[in-house]
Structure formats: structure tokens, C-alpha cells
Amino acid sequence: MTSDETRIKNYTEFWDFYVREHSEPLTRYLHFIGTTLGVVLLVWFIRGGVWYYFPLCFAVGYAFAWFAHFFVEHNKPATFKYPLWSFISDYKMLWFMLTGKMNREVERVSAKENQPEKY
């Protein structure tokens, strides 16, 4: 557990932590692929009347994300400690990627991290 994780008190702090944990573009792209495939599968399963395959949507989505964390970013997925905030943030990141805002968000958090602390 990092010191960042122990200090997280609200979603705003969590989001900055989440962005730092997704600093590598390949990590973000793999999340994008996994989340998109998960949503497509969900719609497909519901439309096909095989809703009982619903858990596979999560398995596909998380497989891409966890691969990225373990082999690209070399960190632990935030899902293990903050499952709800991580789930929400995955879709927020997906939206930011679709709207071209995610790279700026990574830059914002990086700049914030590199500022000297105020006493």
C-alpha cells in the first residue's frame, strides 16, 4: 500500500490517484478496449436473451485492465482497494479518451504532483 492510498479521503483525491496509476498510454488503451468490449458484450447478451452470461462482461473488461496494470504499468489495480470508485473512474477515463481530454488530465495530475508542497 502506498502513502497515496492511505490518504485518499474523497473521490477527487481518488481520481488524481487513478490518473497517476494510468499514466502509460498503453494502459489507458487497454482499459479502453476492455471496457468497450465489456459494454458490447453486455448489449449482445441482453439482446440475444442470454443475460446469464453477464459476468463475462466484467471478466473481459477486467482482463484487459489487469493485464495492463501488471505488465505495462507495473502496479496493482485500484479495483482491489476501491472497487466502486475504480469502476466509475474507468468510465470517466473512457469518456475523457473519447472526448480527447485524458492526455490533458494526465498532464494536469503530473504537474500537480511535481509542485512543491506548501507548509
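The values are calculated or read from the model by the stated rules, or taken from the named source; none is laboratory data. Remember, predicted model here, so these are calculated numbers, not experimental data. Backbone-built Cβ (ideal geometry, glycine too); neighbour counts: all protein chains shown.
When we screen Leu56, Leu41, Leu94 for residues that are within 17 Å of Glu105 (Cβ to Cβ) and modelled with pLDDT of 95 or more, the only hit is Leu94. For the range 65-118, give me each residue that is β-branched (Val, Ile, Thr) and under 16 Å from Gly34 (Cα atoms). The answer is Val72, Thr79, Ile88.
Name the single residue, out of those in the range 97-118 being over 25 Å from Tyr62 (Cα atoms) and in a loop (DSSP other than H, G, I, E, B), that is modelled with the highest pLDDT. Among residues in the range 97-118 that are over 25 Å from Tyr62 (Cα atoms) and in a loop (DSSP other than H, G, I, E, B), the one modelled with the highest pLDDT is Asn114. When you look at Trp66, is it surrounded by 11 or more Cβ atoms within 10 Å (Cβ to Cβ), at pLDDT 95 or above, within 17 Å of Phe17 (Cα to Cα) and in contact with a Phe, Trp or Tyr (Cβ under 6 Å, 6 or more places away or on another chain), yes or no? Against the criterion (surrounded by 11 or more Cβ atoms within 10 Å (Cβ to Cβ), at pLDDT 95 or above, within 17 Å of Phe17 (Cα to Cα) and in contact with a Phe, Trp or Tyr (Cβ under 6 Å, 6 or more places away or on another chain)), Trp66 does not qualify. Only a single criterion out of (1) hydroxyl-bearing (Ser, Thr, Tyr); (2) under 13 Å from Arg20 (Cβ atoms); (3) within 12 Å of the chain's Cα centre (by Cα) is not satisfied by Ser110, namely (3). If the condition is being surrounded by fewer than 18 Cβ atoms within 10 Å (Cβ to Cβ) and closer than 23 Å to Tyr82 by Cβ, then the range 21-53 contributes Ser23, Glu24, Pro25, Leu26, Tyr29, Ile33, Thr36, Leu37, Val39. In the set (1) within 23 Å of Thr99 (Cα to Cα); (2) touching a Leu at 6+ places or on another chain (Cβ under 8 Å); (3) among the aromatic types (Phe, Trp, Tyr), Tyr53 fails one condition alone, (1).
With respect to the conditions (1) in contact with a helix residue (DSSP H, G or I) (Cβ under 7 Å, 6 or more places away or on another chain); (2) assigned to a helix (DSSP H, G or I), Lys76 falls short on a single one, namely (2).
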